[in-house]
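The structure appears below as structure tokens.
The values are calculated or read from the model by the stated rules, or taken from the named source; none is laboratory data. These numbers come from a predicted model, not from an experiment. We place every Cβ from the backbone using ideal geometry, glycine too, and count neighbours over all the protein chains shown.
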Amino acid sequence: MIAFKKATDEEQKAAWRIHRARHSWIGDWNAFSHCWIATENGQIVSTLREQFYPGGEFGEKERWIFNVWVRKGWRGKKLGQKLIQFYLDTKDPPIIFLDCRESLEPYYQKLGFTERVSLTPEEKAKILITDEPSQVILCRKKTV
Ligand SMILES: CC(C)(COP(=O)(O)OP(=O)(O)OC[C@H]1O[C@@H](n2cnc3c(N)ncnc32)[C@H](O)[C@@H]1OP(=O)(O)O)[C@@H](O)C(=O)NCCC(=O)NCCS
């Protein structure tokens, strides 16, 4: 049975090792990173990393999501989307950004993320926007 949870320190290190094995260039995750995971029989089958930037323009309100990943063999079950939804249900920070390939926009749109164009010009001016053409920054703002 799949279980969703915030990772313990040990599980976060294990999640890091998974991503390090995929991309040898990734550095250590800093103290402002927290992982959420899905496990089956103790094995990590999906990850999501939340990153908080202490001096960011939106301060406490802002989070970024990285390292959304589902283990091969577990894909096709919308497990990553379920993990993101679990994170949102648990945390629901007011503003979340993520940086993804254009092809994955519909994947994240189903979870309430919208293109950065929905931000006000002032908000856009404040956030870091990559120039890489294959990447888009999506944003999800709490509707209150
Ligand atoms: C992307 C990823 C997390 C999706 O896993 P998942 O949540 O199990 O998603 P599923 O395979 O069940 O697919 C769910 C939907 O997303 C779509 N999708 C999945 N992977 C996709 C991709 N790479 N590009 C575009 N669409 C994708 C599926 O077509 C499906 O669409 P549908 O709802 O219309 O049927 C997984 O494929 C993965 O780990 N990939 C490698 C790491 C990665 O690319 N992470 C994203 C970083 S932004």
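Set side by side, the residues Leu111, Leu83 differ, and just one is in a helix (DSSP H, G or I), at pLDDT 60 or above and under 16 Å from Val68 (Cβ atoms), which is Leu83.
For Asp99, state whether it is in a strand (DSSP E or B), closer than 17 Å to Gln109 by Cα and out of contact with any Lys or Arg (no Cβ under 7 Å at 6 or more places or on another chain). For Asp99, the condition - in a strand (DSSP E or B), closer than 17 Å to Gln109 by Cα and out of contact with any Lys or Arg (no Cβ under 7 Å at 6 or more places or on another chain) - is met. Leu104 meets each of the listed conditions (1) touching a residue at least 24 places away in the same chain (Cβ under 8 Å); (2) under 15 Å from the mean Cα position of the chain (by Cα); (3) within 13 Å of the ligand (Cβ to nearest atom) apart from (1). Scanning region 53-78 for residues that are of a type outside the set (Phe, Trp, Tyr) and assigned to a loop (DSSP other than H, G, I, E, B) yields Pro54, Gly55, Gly56, Glu57, Arg71, Lys72, Gly73, Arg75, Gly76, Lys77, Lys78.
Among the residues of region 19-36, is any more than 10 Å from the ligand (Cβ to nearest atom) and in contact with a Leu (Cβ under 8 Å, 6 or more places away or on another chain)? So far as region 19-36 goes, yes, one or more of its residues are more than 10 Å from the ligand (Cβ to nearest atom) and in contact with a Leu (Cβ under 8 Å, 6 or more places away or on another chain). Contact map, region 61-75: first residue over 17 Å from Arg140 (Cβ atoms) and surrounded by 15 or more Cβ atoms within 10 Å (Cβ to Cβ), second residue of a type in the set (A, V, I, L, M) and at pLDDT 95 or above, Cβ cut-off under 6 Å, separation 6 or more or different chains; pairs are Val70/Leu79; Arg71/Val45; Trp74/Val45.
Conditions tested, residue by residue: (1) at pLDDT below 95; (2) surrounded by fewer than 16 Cβ atoms within 10 Å (Cβ to Cβ); (3) not polar (S, T, N, Q).
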position: Lys5; (1), (2), (3): no, yes, yes
position: Asp9; (1), (2), (3): no, yes, yes
position: Ile26; (1), (2), (3): yes, yes, yes
position: Trp36; (1), (2), (3): no, no, yes
position: Val45; (1), (2), (3): no, no, yes
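What do you reckon, is Leu79 within 13 Å of the ligand (Cβ to nearest atom) and hydrophobic (A, V, I, L, M, F, W, C)? Yes.
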